[in-house]
Each structure stands twice: as C-alpha cells, then as structure tokens.
Amino acid sequence: MANIILFLAILLTGLHLVTCLIVMWRLRRPAPRVAARPFITLLRPVCGQDRFDAETLASSFAIDWPAYEVIFCAAHADDPAVPLVRDLIAGHRHVPARLLIGDDRPTGNPKLNNLVKGWALAKGDRIVMADANLMLPRDYFDRLIAVEGADTGLVSSPAIGTAPEGLWGALECAFLNGNQARLQLCADEIGQGFAQGKTLMWQRPVLERAGGLSALGRSMAEDVASTKAVRGLGLRVRLSHAPFAQPVGRRSLHAVWSRQVRWSKVRRDGFPGLFLLEPLNGAALPVLMATAALGPWAGLAVGAVYFGSEWTLCRLAGWPAGRFSVAAMILRDALMPFVWLATFSSRKVEWRGNAVSAVSPAVAAE
C-alpha cells in the first residue's frame, strides 16, 4: 500500500512538473505574427471604481493598431467610474470612443447586460470584450489576431496578476498565475482551450450563429457559456500566446477567499466533471501521500519539487516571484481543498454586488 501511495504522489508531482515545462516552452518559443489588421471594436464594461482604473482604462487608447473604436458601458449614470471614463475620452480624441449608459437585462448576468448596448452599436467585425481591471499592452490586438485560425471561434486569455502588495496580494497572484494561468495555457496547448472572461475576442458572425450575446447568459459566467457555444459550433477556443496583466495591489484574505469560492462555484456549475477532479490539483495531496509513505522528508522533497518548479516558471515568464511568492503558493494549496468544499455551501454568486444566475434569454425576456 505504501508503494501505491508513493507512486500516486510521484505521479501527481510529475504531472505538475510537466505542466510547468509546457508553459515554459510555450512562452519561450516565438509568438505568431499577424497577417491582417481588421477594424476592431473594444468593449469595456465599468462598474464601480478600482485602484488601478485610471491606468487600466487609459490603456484602451494606447493600442498600436491602425483603426479601432472603444465603447465603454455603464449600467447607471451615477456609477463612480463614469467621470473617469468621460475624462479619458475627452483626453484621447485620437481614438474614436464613447460611453453608453443603460440598464438592459436580457440575461441573469449583470456584466453581460452591461455589454449588450455596446455590442448592438459596435462597428467592427472583431469585437473584443476586456474587463476594466485588465492592463492592455500596445500589441494587445496583435496578440489576439495572431492566434486566429480557420477553426477558431473565439480568442481569449487568462489574466496574470501583477504588482501585488503584501502576502494577500501575493496569494491572489499565486491563484491567478502559477495555478490557473498555467493550467489554462496547458489546456490550450493540447487543443482544449477554455475561454476566460477577462478577454473575449469574437468574430460577430460566430457569436450570432451561437445565438448572440444574450446566449452567453445561459451559464453563470460568460466564459463558460462562450466555451460551450464555440465547441457546439465545432470550433476551438484559442488563447493568446502569452497572457495579459491585471494589477492586483493590496488584497485582504477575505477578498481573495470570496473571489476563489465564486470562481469555484462557476466551474462547478459549468464543468461539473472537471470540478470533481479539482481535489487532485495542488501540492496538498501529493505532499501528504509522500509523507504517509516515507515520512516527512519525502513530503518536503515533493513540496520542494512542486513549488520550486512553479517558482521557476514564474521567474522565467516574468510573472511576480517576490519574497512572499513561495509562502503564498503553499498557503494557496493549503486553502484549495477548503475552497472546493465551500463551493457546496450554496450556488449563490455575486459580481460586484450583483447577483448572478444562469438564465436563458427566453426566460429572461418573459
């Protein structure tokens, strides 16, 4: 029995090491190049105001692209982000931009509802939805268009947490980077990319074939619905060669915990089969197995390989790997089993104070 337990510990650790190596190889190989530069509409929903909004929203106007428009969407005129958006538009007249305000509710997803009015007025055949807290690099559109192929239904990307402050900021980055982004990039490498709501680039005809923007309200999260819609059309979700930055700053433990439980509920609702395998993710199980089989030194060795390979990935990728990083990785993996269990407490999900539910467009319209 001890040999079987040790074998499983080595197997899980080996799989983790392989995923780290795959992502290292992906990020070190040359990025694909753009063949054409079509007109693009950039949709950015705003709801409330975050610390880095001035920088992240301003990055909408610094993209190196020959022709594009920016449409900001807010549900209410008194939203705290509205004055900032108006100032940014007034100060960057070289890029066509406008702010749309309206509280349409065709779905149970408040973020999608916020974007409906922008989608209706978008002029581009390529429409990119980018969250307000995402920092868009100058080559943002290049990196999205470059991975399109004949079988591509949607281009997306995970977010990489940057600029963490303190242990809880590092913990947020540990969840986003070495765990979630690593797994998503690996899935993309084997042709099983999953959409991430931080960035969604649609070709308008593809989403219209799938039922339009309101169809993405059929799951709790638009990224889950997007993945299912694209695969239902026999197409693939592709991820950008490298992810994009999301400044994290200072976080509280409660904020990190709440966000991870919310995302876990979304995964449980959207991909229940994969969700059941999530207890195998993280170092907690292989470390405990190795310790049970050979003692604490074996557990320490497994932990060193596990976190050492992830830290090396973060360093080579240019992701945050500071003084709190390893401690944050250990804490993250200690918390993940409890996050998974907490998911079963309820199905209630909130986005920026708004309840989110999976409601079909037909039901929502009644």
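For the chain, what is the calculated [θ] at 222 nm in deg cm²/dmol (nearest 500), taking -39500 (n - 2.57) for each run of four or more DSSP H residues and dividing by its residue count? Mean residue ellipticity at 222 nm (helix-derived): -14500 deg cm²/dmol. PHE175 sits with roughly 10 Å² accessible to a 1.4 Å probe, with DNA, RNA and ligands left out of the calculation. A cut-off of 5 Å between modelled amide H atoms, ignoring neighbours fewer than 5 places along the same chain, links GLY282 with no other residue.
Close amide H pairs (under 5 Å, H built 1.01 Å from N) link ALA97 with VAL70, residues at least 5 positions away or on another chain. Given the alternatives (1) 35, 22, 21; (2) 39, 27, 21; (3) 36, 27, 19, semi-axes √(5λ) of the Cα gyration tensor in Å as computed for this entry is given by (1).
Given a 1.4 angstrom probe, I'd like the percentage of the accessible area of the stretch 189-300 that is carbon and sulfur, rounded to a whole number.
Carbon and sulfur: 62 percent of the exposed surface of the stretch 189-300.
For the pair ALA120 and MET24, the difference between a 0.36 nm per residue extended length and the Cα-Cα distance amounts to 30.6 nm. Between the stretch 117-137 and the stretch 148-190, the C-alpha centres lie 19 angstrom from each other.
At a probe radius of 1.4 angstrom, the accessible area of the chain per residue rounds to 44 square angstrom. Between ALA150 and ALA35, the contour length at 0.36 nm per residue exceeds the alpha carbon distance by 40.1 nm.
Dividing the mean sequence gap of close Cα pairs (under 8 Å, 6+ apart) by how many residues the stretch 135-243 holds gives a relative contact order of 41 percent. Here CYS314 sits with roughly 0 square angstrom of accessible surface, probe radius 1.4 Å. Across the accessible surface of the stretch 1-113, with the other protein chains kept in place and a 1.4 Å probe, carbon and sulfur atoms take up 61 percent. For the chain, complete DSSP H runs whose alpha carbons reach 18 Å or more along their own long axis and whose mean Kyte-Doolittle score is 1.6 or higher are 2-28. Given a 1.4 Å probe and the protein chains as shown, HIS254 ends up with an accessible area of around 140 Å².
The values are calculated or read from the model by the stated rules, or taken from the named source; none is laboratory data. On a predicted model such as this, the values are computed, not experimentally measured, just so you know. Accessible surface is based on the protein model in full, side chains and every heavy atom, while ligands, DNA and RNA are left aside. Shrake-Rupley method; radii C 1.70, N 1.55, O 1.52, S 1.80 Å.
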